[in-house]
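To start, the structure itself, in structure tokens.
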Amino acid sequence: MSFDIFGAAQKALSSYGQYEGALRVNLRDKWFPIVEIGYGIADTHDEVTEISYKTQAPYFRAGIDFNVLKNKHAANRVFVGARYAFTSYKIDVERRDLPDPIWKWDSGFSVTGAACNYHWMELVFGIDAKVFGPLHLGWSVRYKRRLFHNEDEIGRSWYVPGFGIYNDSRLGGTFNVIIDI
């Protein structure tokens with residue numbers, strides 16, 4: 001069982017982030033099937049464009065990690081893995097009425113509850129180290145690749161729960177508190 005500290009800190013310090021927990025099974029200290037469940041949130045307003053964006057939804061990842069250490073039974077682990085991920089979410093995008101500087105008409109718009117879904121895969125590299133007893137601390141670096149999506153009629157979502165900001169970077173990461181049960 002583990003909890004991601006990085007996503008929660010990101011949400012506390014910015015307008016988006018996620019809360020995530022995972023359940024991982026240890027099969028002979030070599031293979032680690034894993035399920036990750038989280039809740040992504042974004043609520044932002046761009047001062048320049050005057051566009052507001054809101055979404056919040058659960059996301060799910062499932063995959064497997066492989067311990068690459070020569071001594072598989074050591075207390076610390078170095079692993080590589082893969083995940084399949086999915087989220088179904090709704091977004092609200094709004095821009096208040098502002099006069100267009102050239103055509104002089106109002107250029108505001110509002111979309112509420114646009115239904116979207118997103119499927120992606122992740123390649124993972126991570127380390128977890130035993131602190132004491134069943135407590136481990138670990139981190140992972142993830143390469144994310146969109147598989148397919150449906151984003152309604154409004155186009156690309158600014159933030160996708162679990163995936164992050166669209167077109168920002170395909171790299172992500174976690175910092176985990178892990179408890180071996």
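The values are calculated or read from the model by the stated rules, or taken from the named source; none is laboratory data. For clarity, every value in this text was computed on a predicted model and none was experimentally measured. So basically every Cβ, Gly included, is an ideal-geometry build from the backbone, and we count neighbours across all protein chains shown. These area figures cover heavy atoms from the full protein model, side chains too; ligands, DNA and RNA do not enter into them. Shrake-Rupley method; radii C 1.70, N 1.55, O 1.52, S 1.80 Å.
Points to keep in mind about this one:
- Single residue of Asp29, Asp97, Asp106, Asp43 found to be within 17 Å of Pro161 (Cα to Cα), touching a strand residue (DSSP E or B) at 6+ places or on another chain (Cβ under 9 Å) and loosely packed, with under 15 Cβ neighbours inside 10 Å: Asp43
- Where strands (runs of 3 or more DSSP E) sit wholly within the range 88-180, those with at least 2 residues that are over 24 Å from Pro58 (Cα atoms) occupy 109-132, 135-150.
- Identity of the residue in the range 37-55, in contact with a Phe, Trp or Tyr (Cβ under 9 Å, 6 or more places away or on another chain) and among the polar types (S, T, N, Q), that ends up nearest to Ala82 (Cα to Cα): Thr55
- Answer residue from the range 72-94, given it is open to solvent by 80 Å² or more (accessible area, probe 1.4 Å) and at pLDDT below 90 and is farthest from Leu135 (Cα to Cα) among those: Glu94
- Of all residues making up the range 115-169, the number that are in contact with a Cys (Cβ under 9 Å, 6 or more places away or on another chain) and hydroxyl-bearing (Ser, Thr, Tyr): 1
- Hits in the range 125-181 (condition: touching a Pro at 6+ places or on another chain (Cβ under 8 Å) and either open to solvent by 20 Å² or more (accessible area, probe 1.4 Å) or at positive phi (or both)): Ile179, Asp180, Ile181
- Of the residues Ser169, Ser140, Ser157, the single one that is within 16 Å of the chain's Cα centre (by Cα), of a type in the set (Gly, Ala, Ser) and under 22 Å from Phe66 (Cα atoms) is Ser140.
- Cβ-Cβ contacts under 8 Å between residues 6 or more apart (or on different chains), taken from a first residue in the range 21-36 that is under 17 Å from Val80 (Cβ atoms) to a second residue that is assigned to a loop (DSSP other than H, G, I, E, B) and of a type in the set (D, E, K, R), are listed as Asn26/Asp180; Arg28/Lys72; Asp29/Lys72; Lys30/Lys72.
- Between Glu36, Glu20, Glu50, the distinction of being of a type in the set (Asp, Glu) and in contact with a helix residue (DSSP H, G or I) (Cβ under 6 Å, 6 or more places away or on another chain) belongs to Glu20 only.
- None of Gly21, Gly17, Gly7 is out of contact with any strand residue (DSSP E or B) (no Cβ under 6 Å at 6 or more places or on another chain) and open to solvent by less than 70 Å² (accessible area, probe 1.4 Å) except Gly17.
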